[in-house]
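The values are calculated or read from the model by the stated rules, or taken from the named source; none is laboratory data. The structure displayed is predicted, hence computed values, not measured ones. We place every Cβ from the backbone using ideal geometry, glycine too, and count neighbours over all the protein chains shown. All accessible areas refer to the heavy atoms of the entire protein, side chains included, with ligands and DNA or RNA removed. Shrake-Rupley method; radii C 1.70, N 1.55, O 1.52, S 1.80 Å.
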Amino acid sequence: MWYDFQSRIYGFDGMFPRTLIDLTIRPGIAAREYIRGNRVKHYGPVGYFFLMITLFLLIMSMMGIDFSEFSRVSSEALTGDRGNGPTIEVQRKMSNFVSDNIRTFSFLSIPSIVLMAWLFFRKSGYNFLEHAVIPFYILGHVYWLSILNLFLFKFGGTSTRLTIQLGVTILYFAFACSDFYTHNSKTKAFLKGLAVYLLGFSVFILIVMIAATIYMFTDPEIRELMKSGKQ
């Protein structure tokens with residue numbers, strides 16, 4: 001049992017290292033192999049997605065990083081806005097809410113991207129669920145960048161690389177599409193992949209903003225903080 005566990009999970013030819021390598025250099029091929037029924041070489045896309053979220057949360061906990069502070073610094077890196085006291089407190093409460101439900105929010109980012117992929121690549125021959133393989137694999141794999149960002153935050157006190165992470169995620173997703181959807185030329189599939197991610201993620205952000213607005217106006221403490229901030 002120990003030998004089987006070690007060889008499949010941690011061994012050089014094991015499932016986990018093979019999944020890491022193939023998703024890094026040939027994500028589309030790994031996704032096609034999974035759809036064709038090869039369940040031995042790689043982790044399943046949904047399992048890998050939630051495995052990476054769990055690993056991210058575990059490392060963040062082991063490092064003693066507060067998610068709300070991490071998110072606040074990341075927001076400053078993107079907007080340059082430090083805000084006032086009440087604004088920071090509202091951000092902290094919202095960050096805590098997201099942290100408590102990070103698996104749900106991460107999962108909810110998938111359907112809109114899958115829908116766009118289904119619309120843009122409808123001639124590929126894949127059904128709706130098969131289009132979900134790439135988003136689950138890619139959005140799970142880019143958590144390695146989030147983990148790297150945790151180290152930068154812990155030992156450098158900054159999160160300025162978040163903009164780079166967003167750019168890399170978009171380009172990586174488009175690269176995976178060019179490797180996965182072979183009915184189009186690589187260039188056309190790459191450009192479609194860019195559109196799929198940008199539109200799908202924009203829909204997700206819109207949904208999150210609506211949900212955040214409802215949450216803010218239904219939470220008495222946040223309403224008081226917002227009122228004090230305006231005063």
- Message: If you average the C-alpha positions of region 141-214 and of region 24-71 separately, how far apart do those two centres end up, in angstrom?
- Response: 14 Å
- Task: Working with all protein chains in place, sort Ile147, Ile59, Ile21 by solvent-accessible area computed with a 1.4 Å probe, largest first.
- Result: Ile21, Ile59, Ile147
- Query: Taking a probe of 1.4 angstrom, what is the accessible area of Leu148 in Å², to the nearest 10?
  - Reply: 100 Å²
- Based on the mean of other beta carbon atoms within 10 Å per residue, what is the order of 177-189, 118-130, most packed first? 177-189, 118-130
- Which order do Val196, Val40, Val203 take when ranked by solvent-accessible area (1.4 Å probe, heavy atoms of all protein chains), largest first? Val40, Val203, Val196
